[in-house]
Amino acid sequence: MSITSLVADAVKRNDLCPCGSGLKYKKCCMEKDASGPEQARNYYRKHGIRLKTAEDVEGIRRSGRLVLELLELAATLVKPGAVTGDIDRILADYTRRHGAVSAPLHYRGYPRSTCISINDVICHGIPGERALAEGDIVNIDVTTVLDGYYADASKTFLVGAVKPEAARLVEVTRECLRRGMHAVKPGHTLGDIGWAIQSYAEAQGCSVVRDFVGHGIGLEFHEAPQIMHTGRRGNGIKLVPGMVFTIEPMINLGRPESRVMKDGWTALTVDGSLSAQFEQTILVTPEGFESLTPYEPEFFLKPV
């Protein structure tokens, strides 16, 4: 921490800068302090957002590498006849063997280690006795806690040969995540992310789920801010380096509304239409963004 950061609260704009440059504070170190510890205090005080340190980011990145391994393992398990409960157990065992914890397990009473959502299930599908069938689409969502740091990602997989409209929905959703990621840069806003996703999805004749959102992550499973997947350009909290959050658009072929089953978790489309989701954990950097769960970089890092 710099000397000026320690005294920033006591230094006025027109005072001489405490760094000894001979310049006024506003002409010297004030901007640097505003983007360092002082900004972190302000964002936590105003928005409840905890900007992550370099140490935090490296911890989340390590957890994210395990998430990638889990999604790669999941891809090998997705096939007709595979039982969702078996997939969950295999992924949970892999997580434990690598010294981590599955964040969803027992979270607010959730009974499994992953979320596996099939066809018209938007999110929070509970693994169990259901077997995957030819033509299904299935989202597998994994969150790891490794050395106290959380990372979260999901992908939607095709089970064998699927109908053209199902394949198209999955590709639209994948592109929605890419566009949302590329809206992330310092000075942009949360509304810019939502606009990038919503404008593309609706132009493709799809709808964006409003009832479930992305979220801050890293030191806890769910932190501030909420990341809406709809929005207007320039609206909402301004993005600054050190913010870490998930972008996880849920896109429907039909209406955007959801309903939750009696189990209190499984969210379905109200009209029975298909739903798909992709998710990554994103860091705001001084230059733009970095995915801390960087699957398919050849696709997701292509300029929009």
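The values are calculated or read from the model by the stated rules, or taken from the named source; none is laboratory data. Predicted, not measured: the structure shown is a model, and the values here were computed from it. All Cβ positions, glycine included, derive from the backbone under ideal geometry; neighbour counts span all protein chains shown. Surface accessibility is based on the protein's heavy atoms, side chains included, excluding ligands, DNA and RNA. Shrake-Rupley method; radii C 1.70, N 1.55, O 1.52, S 1.80 Å.
Which one of Arg108, Arg97 is modelled with pLDDT of 95 or more and at positive phi?
Arg108
Checking each residue in the stretch 185-238 for being among the aliphatic types (A, V, I, L, M), under 13 Å from the mean Cα position of the chain (by Cα) and either open to solvent by 60 Å² or more (accessible area, probe 1.4 Å) or within 30 Å of Glu165 (Cβ to Cβ) (or both) picks out Ile193, Val213, Ile227, Met228. All told, Ser199 meets the bar of being among the hydroxyl-bearing types (Ser, Thr, Tyr) and in a helix (DSSP H, G or I). Of the candidates Ala75, Ala92, the single residue that is open to solvent by less than 30 Å² (accessible area, probe 1.4 Å), aliphatic (A, V, I, L, M) and outside any strand (DSSP E or B) is Ala92. Does Asn139 meet the test of being farther than 28 Å from Glu55 by Cα, buried (at least 24 other Cβ atoms within 10 Å of the Cβ) and of a type outside the set (Ser, Thr, Tyr)? Answer is yes for this residue. Only one of Thr293, Thr281 is surrounded by 15 or more Cβ atoms within 10 Å (Cβ to Cβ), outside any strand (DSSP E or B), hydroxyl-bearing (Ser, Thr, Tyr) and out of contact with any Pro (no Cβ under 7 Å at 6 or more places or on another chain); which? Answer to the selection: Thr293. Scanning the stretch 26-67 for residues that are among the small types (Gly, Ala, Ser), part of a helix (DSSP H, G or I) and modelled with pLDDT under 95 gives Ala34, Ala40. Is it the case, given these coordinates, that Val260 is open to solvent by less than 50 Å² (accessible area, probe 1.4 Å) and on the phi < 0 side of the Ramachandran plot? Against the criterion (open to solvent by less than 50 Å² (accessible area, probe 1.4 Å) and on the phi < 0 side of the Ramachandran plot), Val260 does not qualify.
Counting only residues that are under 19 Å from Val78 (Cα atoms) and outside any strand (DSSP E or B), the stretch 145-163 holds 5 of them.
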